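Colleague: Here's a structure for you.
Laboratory data are not the source of any read-out in this text; all were calculated from the coordinates shown. Just so it is clear, the model here is predicted, and its values are computed rather than measured. Quick reminder, even Gly has a Cβ in these numbers, built from the backbone with ideal geometry, and neighbours come from all protein chains shown.
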Amino acid sequence: MRITWDDGHVSHFDLATVRGACGCATCHELRAEGKPVYMARSGELDVLSAELVGAYGVNFHWNDGHSTGIYRWEDLRAGCPCDECRTERRIEGRANPLDR
């Protein structure tokens, strides 16, 4: 998944990472129980559609049937996996909000 930000920065996200970072109550409970949050086999995970949630986030409809998570733009930007952003997080001692 590619997001081009207003400042021109481009983030390329692995779909499994984004899906695995879902913060909805169901996924939170699954993680707490040590269970996987999705069961799609490698290469089969996909976003069917996306909807804006106010001005603060986006909701993805996944092909595994899940669609209740809201991903805040702030978290997606802070979790950018590019080398520059990873280095900045490491230097500043910040965690990646997409690592759950």
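Colleague: Tell me, yes or no, whether region 19-27 has at least one residue that is touching a residue at least 40 places away in the same chain (Cβ under 8 Å), among the basic types (Lys, Arg) and within 17 Å of Met1 (Cβ to Cβ).
Modeller: Among the residues of region 19-27, at least one is touching a residue at least 40 places away in the same chain (Cβ under 8 Å), among the basic types (Lys, Arg) and within 17 Å of Met1 (Cβ to Cβ), which makes the answer yes.
Colleague: Are any of the residues in region 32-44 over 19 Å from Asp75 (Cβ atoms), surrounded by 13 or more Cβ atoms within 10 Å (Cβ to Cβ) and hydrophobic (A, V, I, L, M, F, W, C)?
Modeller: yes
This table checks each residue for (1) closer than 16 Å to Val37 by Cα; (2) more than 10 Å from the chain's Cα centre (by Cα); (3) surrounded by 15 or more Cβ atoms within 10 Å (Cβ to Cβ).
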residue	(1), (2), (3)
Ala50	no, yes, no
Ala55	no, yes, no
His66	yes, yes, yes
Asp75	no, no, yes
Ala78	no, yes, yes
Glu84	no, yes, no
Arg89	no, yes, yes
Arg94	no, yes, no
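Colleague: Hey, can you tell me all the residues within region 51-96 that are under 16 Å from Gly23 (Cβ atoms), touching a His at 6+ places or on another chain (Cβ under 9 Å) and among the hydrophobic types (A, V, I, L, M, F, W, C)?
Modeller: If the condition is that a residue be under 16 Å from Gly23 (Cβ atoms), touching a His at 6+ places or on another chain (Cβ under 9 Å) and among the hydrophobic types (A, V, I, L, M, F, W, C), then Phe60 is the only one that fits.
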